[in-house]
Each structure stands twice: as structure tokens, then as C-alpha cells.
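What follows is a set of notes on a single structure, which appears directly below.
We did not get these values from a lab; they are worked out from the coordinates using the rules stated. Quantities reported herein were computed from a predicted structural model and do not represent experimental measurements. When we count neighbours, we look across all protein chains shown, and the Cβ atoms used for this are built from the backbone with ideal geometry, even at glycine.
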Amino acid sequence: MLSWLLLLALANPWALQQQAAAGRPEAIGSYSAGCLQGAEALPLSGPGYQVLRPAQRRYYGHPDLIHYLRNLAWQSRQQGLPTLLFGDLAMVRGGPFDFGHRSHQSGLDADIWFRMPSRPLSMNQRNNPRPLDLVNHDSRRLDRTRFQANHLTLLRLAASDPRVDRIFVSPPIKLELCRRTSGSRAWLRKIRPWFGHSSHLHVRLRCPADSQDCQPQKAVPAGDGCGGELLSWLDEPTHITPSRLPAPLPLLPRRCQRLLAFPYSN
């Protein structure tokens, strides 16, 4: 047992962490090479939402992210949307996942599924969820039989919060938003095309004021993002299957190494 834990820790010690790192909440480093101090857990269910795959324990985040998600669920409920399904946030001390996302490391990223069930899911359904893919990957276009007005409402609500830096969706979904949006289009600027996001939207918050060592991304370009840049994405493949193979660990800030705890060494 000891040797197995040692091998796991050498591969990715972040996956072994069991408790939040002590100290005031801070997002440290970048979204793809960072960690999280003073993490807060998102309750596994609440008004208007449920957390998927809770056994993976990827439901932690900076308090700004937790408040954002709970508020979004409340706003969505007020708009008459069905239950929201929240996927991966971050691990209890952040850091890289064993498989899947390369980001989600500093407690400021969250996945929100496009599937919105009419009734709460059972625990078995939450552990083995069925996604709703909004893109026809053969035609590389939106599947209009699946995209609903609720998806437009959800994306508008999600992007309208000033804490949001950007939201990733598959390029055909962004194109549909550009076509359907009338009136104020300012929120569209935050919706960014990125492959691998046809069954969920990926929210990324700005660096919080309390996190001096958080590394922001380059600012989103001006405009609504509905021009030539978007069109250039549409001739490319739209489907990416997340790898479940271990990826090399990124070089993290020195502060992150201080947050690691090794339960097998006690």
C-alpha cells in the first residue's frame, strides 16, 4: 500500500490532497499551471443545480467561483431554466488533474453542462451522466434539434457577471449566439470559440483582488467576436475527445510546492 501511494504521489501529488490548504483564499499561478489556497467546497446540490461525478472530488474553488456558480443557478431558476449540472471545478488544493483538463488548476474555472434535466438526477445518474452534444461533428455545424432557447439564456446569464473573464464554447455554438442575439451584444465578447466544448460551457473568472500571485490571461479582443476570427474556426474539426492518459505535470509556482501535503509520510 505504501509503495502504491508513493508511486501515485510521484505521478501527481495533487490528486492525493484531502483538505484545503490553510490560509486566506488565494488563486496562485495561472489557470493551466497553478494551485489554490483556502479552497471552498461547492455543496453537492443546491437551489437550481447539482454537482456531477462527486466521487472525483473536483468541486472546489476560490470563494468567488463558488458564489458565482450558486448565484448563476439562482438566476437561472428565476428565468425558468431547469436544473443546472456543474461538472469539474478544481481539486481541494488546485493543481493539475490526473486526466482531462489542462486548466482548472487555480480554482477559477468551472464546467457547466448544456444538458438541463427536467427533474433532479439520482446519485447513480450523477456519477454516470449522459452529455448533450450540441454540435453535429459530421457537418461541423450546430445541431439545431438540440440547441434550445434555454441554452442562449444560460450563456447570456453566465457571461453577464463582471467576474467572468471568458467562456469557452465550440465554434458553431458561438456562431449561433451571434446570429440570435439582438439588442445589447456586449456579453458576446466573453464567449470564445474553442474546440472540445460542444457539450458544456467552460467558465473562467478573472483573477480575484485578494490573489496577488494569480496570473491573468491576455485580455479578450474588443468587439463581439462574431467576425473573421470566428469564421476561421468553422472549417476546422469541431470534436476533441479529452485524453484520460496522464499528462506531464506543468512547472508550478514555488508557492504551490508549499501547499502540498503528503499523508503517507505521517
Highest GNM mean-square fluctuation, the chain, Cα pairs closer than 10 Å: which of Asn150, Asn12, Asn128?
Asn128
Between Trp74 and Leu152, how high is the FRET efficiency from 1/(1 + (r/R0)^6) when r is the Cβ-Cβ distance and R₀ = 25 Å? Nearest 0.05.
0.85
What ³J(HN,Hα) values, in whole Hz, does the Karplus curve 6.51 cos²θ - 1.76 cosθ + 1.60 give for region 118-135 when θ = phi - 60°, with x put for Gly and Pro?
6, 9, x, 7, 6, 4, 5, 5, 5, 7, 10, x, 9, x, 10, 8, 8, 10
Provide Rg over Rh for region 137-230; use the alpha carbon set for both Rg and the Kirkwood Rh (inverse mean inverse pair distance).
0.98
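Based on the Cβ-Cβ distance from Ser182 to Gln212, what FRET efficiency comes out when R0 is 45 Å, to the nearest 0.05?
Efficiency at R0 = 45 Å is approximately 0.65.
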Inter-label distance for Asn127 and Arg53, nm, one decimal - labels placed 7 Å from Cα along Cα-to-Cβ:
1.4
Starting from the Cα of Arg163, step 7 Å along the direction of its Cβ; do the same at Ala219; then give the gap between the two resulting points in nm.
2.3
Max mean-square fluctuation residue, GNM over the chain, Cα-Cα springs under 10 Å, options Arg77, Arg179, Arg166:
Arg179
Using +1 at the Cβ of each Lys and Arg and -1 at the Cβ of each Asp and Glu in region 1-134, identify which of Ala33, Pro54, Asn12 lies farthest towards the dipole's positive end.
Pro54
Explain nothing, just the number: relative contact order of region 122-232, from Cα pairs under 8 Å at least 6 residues apart, as a whole percent.
28
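Per DSSP H run of at least 4 residues, take -39500 (n - 2.57); add these up for the chain, divide by its residues and hand me the 222 nm value, nearest 500 deg cm²/dmol.
Helices in the chain give a 222 nm mean residue ellipticity of -6500 deg cm²/dmol.
Shape verdict for region 63-142, please, from the Cα gyration tensor: rounded (a/c under 1.5), prolate (a/b greater than b/c) or oblate. List each step's numbers first, then the result.
Values: a/c = 1.59, a/b = 1.13, b/c = 1.41.
Oblate is the answer for region 63-142, as a/c is 1.5 or above yet b/c matches or exceeds a/b.
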Obtain the nm distance between the two label points defined at Gln19 and His67 by a simple spin-label model: each point lies 7 Å from its Cα along the Cα-to-C-beta direction.
2.6
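Relative contact order for the chain: what is it in percent, counting Cα pairs under 8 Å that are at least 6 residues apart?
Once divided by the residue count of the chain, the mean separation gives 23 percent.
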Would you kindly derive the ³J(HN,Hα) couplings of region 153-170 from the backbone phi angles with the Karplus curve 6.51 cos²θ - 1.76 cosθ + 1.60 (θ = phi - 60°), listing them in order in whole Hz, with x for Gly and Pro?
4, 4, 5, 5, 4, 4, 7, 7, 6, x, 6, 7, 8, 6, 10, 9, 9, 4
Sequence-distant residues sharing a close amide H with Arg192 (under 5 Å, placed H)
Ile167, Phe168, Val169
Over the chain, with a Gaussian network built from C-alpha contacts below 10 Å, which listed residue (Tyr59, Tyr49, Tyr68) shows the highest mean-square fluctuation?
Tyr68
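In percent, how large is the relative contact order of region 1-138, given Cα pairs closer than 8 Å and 6 or more residues apart?
This gives 27 percent for region 1-138.
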For an R0 of 45 angstrom, estimate the FRET efficiency from the Cβ-Cβ distance between Arg189 and Leu249 and round to the nearest 0.05.
0.85
P(r) histogram, all alpha-carbon pairs of the chain included - 5 Å bins from 0, percent
1, 6, 13, 17, 19, 17, 13, 8, 4, 2, 1, 0, 0
